[in-house]
Amino acid sequence: MSAEFSRQAYQDRIKAQLHELDAQIDRLKAKEEQMEANARQQYYEYMQDLQMKREDIGARVNALVEVSADILHDMRKGIDTAVNTLSMEVSAAAKRFNVIRPEHDETQQHQ
């Protein structure tokens, strides 16, 4: 397998995971409308934090195109860790704010 194919396959896998996390974050955001003002502010700040982390991962994935093969390995480890951490935080938010996550969670399969 060539390095470019591996790089593209990796990017595609991470982008698919991010797409699923985006859907889960959107479900969490929808829950905000049902909350009282005080809880809504805390929830909003929590969702902002998740969204910023998600955007950071997306930027790192997009940067993979520009890095050398030597740097790619280290970046992949960091991205994998960030995706797994974000996935756990989204799960914790779903539990904390009583939002159900889908039974089949692709992000957990790639740990």
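The table for this structure:
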| item | result |
| --- | --- |
| Full-extension gain in nm, HIS73 to ALA39, via 0.36 nm per residue minus C-alpha separation | 8.1 nm |
| Proxy reagent accessibility, fewest Cβ within 10 Å first, across VAL90, VAL65 | VAL65, VAL90 |
| Likely footprinting exposure, SER87, SER68, SER6, fewest C-beta neighbours within 10 Å first | SER68, SER6, SER87 |
| Taking only Cα atoms of region 3-98, radius of gyration then Dmax in Å | 15.5, 51 |
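Only the coordinates and a few stated rules stand behind these numbers; no lab work does. Only a predicted model underlies this, so the values are computations on that prediction, with no experimental measurement involved. Cβ coordinates were reconstructed from backbone atoms using ideal geometry, including for glycine residues, and neighbour counts include every protein chain displayed.
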